[in-house]
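Enquirer: Handing you a structure now.
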Amino acid sequence: MYQFWNKKNWNYKKYKAAQIALNKRKIKTTWVTAKDIEFISQFIKGSGICHGARNGFEVREFNKYVKTIGTDISDTALRYGLIQWDFHKQNPEWIGKFDFVYTNSFDHSYNPELVFRVFMEQLKKGGKCIIHTSDKMETILHGYPGDCFGATKQELIKMLGGEFYTFKNKNIYIITK
Ligand SMILES: C[S@@+](CC[C@H](N)C(=O)[O-])C[C@H]1O[C@@H](n2cnc3c(N)ncnc32)[C@H](O)[C@@H]1O
């Protein structure tokens, strides 16, 4: 398991600035595909929230199947119909509210255990937390303040529990509340 931010170099202002700079540099690009979302949609129903949705692509795709809103830490969020929000923070209005919580930005967390707790709290009983990653996140240690968390599949399975799927070379962890 690798985390760029540690007790010695931790600085929230720098973390947030690094995320926003990266978001703006890649604002037109999309990691997840429509086929990925179609595949994941078979596991969900009801309504959900996507965290770290950059230009809102996955929110639009999920909305073809289920009612979905999205967030991003960047000040570009509003422009793409998202709520500007840091997924490490809990929003009392979201506690127990969703049938699913989705992110493919877990590798951008400075505290993945905290984020996972926050996501699980946002679920209704029986709801699903979906963490979508690539092998890149799990094998390459970036040494970089943006993609600041790396872990192997085994480490993520241990941390998250739940079910594990692969689809088109991407990894999907589904944890039911
Ligand atoms: C790898 S990109 C993924 C973008 C999009 N989901 C996709 O599939 O293309 C990571 C996104 O997460 C956002 N992000 C990073 N840290 C975040 C945080 N703490 N809370 C919410 N969003 C965050 C970034 O601004 C960026 O848009």
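The values are calculated or read from the model by the stated rules, or taken from the named source; none is laboratory data. Computed from a predicted structure; not experimentally measured. Cβ sites come from the backbone with ideal geometry, for glycine too, and all protein chains shown count toward neighbours.
Enquirer: Would you mention how many residues in the range 13-25 are free of Cβ contacts under 8 Å to residues at least 60 places away in the same chain and closer than 9 Å to Tyr110 by Cα? So that I can check it myself, show each step before the final result.
Expert: Of all residues in the range 13-25, those free of Cβ contacts under 8 Å to residues at least 60 places away in the same chain come to 13, 17, 20, 23-25.
With the extra rule that they be closer than 9 Å to Tyr110 by Cα, the set shrinks to none.
Of the residues in the range 13-25, 0 are free of Cβ contacts under 8 Å to residues at least 60 places away in the same chain and closer than 9 Å to Tyr110 by Cα.
Enquirer: Picking from Cys129, Cys148, which residue would you name as being crowded, with 17+ Cβ neighbours inside 10 Å, modelled with pLDDT under 95 and within 24 Å of Asp36 (Cβ to Cβ)?
Expert: Numbers: Cys129 fails: modelled with pLDDT under 95.
The match here is Cys148.
Enquirer: Across the range 71-94, what is the number of residues that are of a type in the set (S, T, N, Q), part of a loop (DSSP other than H, G, I, E, B) and surrounded by 17 or more Cβ atoms within 10 Å (Cβ to Cβ)?
Expert: Going residue by residue through the range 71-94, those that are of a type in the set (S, T, N, Q) are 71, 74, 76, 84, 90-91.
Applying the additional criterion that residues be part of a loop (DSSP other than H, G, I, E, B) yields 74, 76, 90-91.
The next check asks that each one be surrounded by 17 or more Cβ atoms within 10 Å (Cβ to Cβ); those that pass are 74, 76.
So the count comes out to 2.
Enquirer: Can you tell me which of (1) over 14 Å from the mean Cα position of the chain (by Cα); (2) within 14 Å of the ligand (Cβ to nearest atom); (3) over 18 Å from Gly127 (Cβ atoms); (4) modelled with pLDDT of 95 or more is the one Trp94 doesn't meet?
Expert: All conditions pass for Trp94, except number (3).
Enquirer: Moving on to the next point. Take Gly52 and tell me if it is small (Gly, Ala, Ser) and crowded, with 16+ Cβ neighbours inside 10 Å.
Expert: Numbers: small (Gly, Ala, Ser): yes; crowded, with 16+ Cβ neighbours inside 10 Å: yes.
Here the answer is yes, as Gly52 does meet what is asked.
Enquirer: Among all residue pairs at least 6 apart or on different chains, which show Cβ distances below 6 Å where the first residue, located in the range 102-113, is over 18 Å from Thr33 (Cβ atoms) and the second is near the ligand (Cβ under 8 Å from one of its atoms) and of a type in the set (Val, Ile, Thr)?
Expert: Once the first residue is over 18 Å from Thr33 (Cβ atoms) and sits in the range 102-113, its partners that are near the ligand (Cβ under 8 Å from one of its atoms) and of a type in the set (Val, Ile, Thr) give Ser109/Val115.
Enquirer: Here's a follow-up. I need the full set of residues from the range 1-40 which are touching a helix residue (DSSP H, G or I) at 6+ places or on another chain (Cβ under 7 Å) and either among the hydroxyl-bearing types (Ser, Thr, Tyr) or not in a loop (DSSP other than H, G, I, E, B) (or both), in order please.
Expert: Those that are touching a helix residue (DSSP H, G or I) at 6+ places or on another chain (Cβ under 7 Å) and either among the hydroxyl-bearing types (Ser, Thr, Tyr) or not in a loop (DSSP other than H, G, I, E, B) (or both): Gln19, Thr30, Ala34, Ile37.
Enquirer: What number of residues within the range 57-84 satisfy the criterion of being touching a Leu at 6+ places or on another chain (Cβ under 9 Å), among the polar types (S, T, N, Q) and farther than 16 Å from Leu22 by Cα? Quick ask: steps written out before the conclusion?
Expert: Just the residues of the range 57-84 that are touching a Leu at 6+ places or on another chain (Cβ under 9 Å), to begin with: 59, 69-72, 74, 76, 84.
So of that shortlist, the ones also among the polar types (S, T, N, Q) come out as 71, 74, 76, 84.
Retained after the next criterion (residues that are farther than 16 Å from Leu22 by Cα): none.
Summing the residues that are touching a Leu at 6+ places or on another chain (Cβ under 9 Å), among the polar types (S, T, N, Q) and farther than 16 Å from Leu22 by Cα in the range 57-84 gives 0.
Enquirer: Further question: What do you reckon, is Ile83 more than 19 Å from Phe39 (Cβ to Cβ), within 16 Å of the ligand (Cβ to nearest atom) and touching a helix residue (DSSP H, G or I) at 6+ places or on another chain (Cβ under 8 Å)?
Expert: Values: more than 19 Å from Phe39 (Cβ to Cβ): yes; within 16 Å of the ligand (Cβ to nearest atom): yes; touching a helix residue (DSSP H, G or I) at 6+ places or on another chain (Cβ under 8 Å): yes.
Here the answer is yes, as Ile83 does meet what is asked.
Enquirer: Give just the number: which of (1) on the phi < 0 side of the Ramachandran plot; (2) assigned to a loop (DSSP other than H, G, I, E, B); (3) within 10 Å of the ligand (Cβ to nearest atom) does Glu61 not satisfy?
Expert: (2)
Enquirer: Within the group Lys136, Lys124, which residue is more than 13 Å from the chain's Cα centre (by Cα), outside any loop (DSSP other than H, G, I, E, B) and either in contact (Cβ under 8 Å) with a residue 60 or more places away in the chain or at positive phi (or both)? Write out each step before concluding.
Expert: Working: Lys136 fails: either in contact (Cβ under 8 Å) with a residue 60 or more places away in the chain or at positive phi (or both).
Exactly one of Lys136, Lys124 is more than 13 Å from the chain's Cα centre (by Cα), outside any loop (DSSP other than H, G, I, E, B) and either in contact (Cβ under 8 Å) with a residue 60 or more places away in the chain or at positive phi (or both), namely Lys124.
Enquirer: So, one more: When the residues of the range 34-62 are narrowed to those that are touching a strand residue (DSSP E or B) at 6+ places or on another chain (Cβ under 9 Å) and of a type in the set (S, T, N, Q), which ends up farthest from Asn169 (Cα to Cα)?
Expert: Ser47
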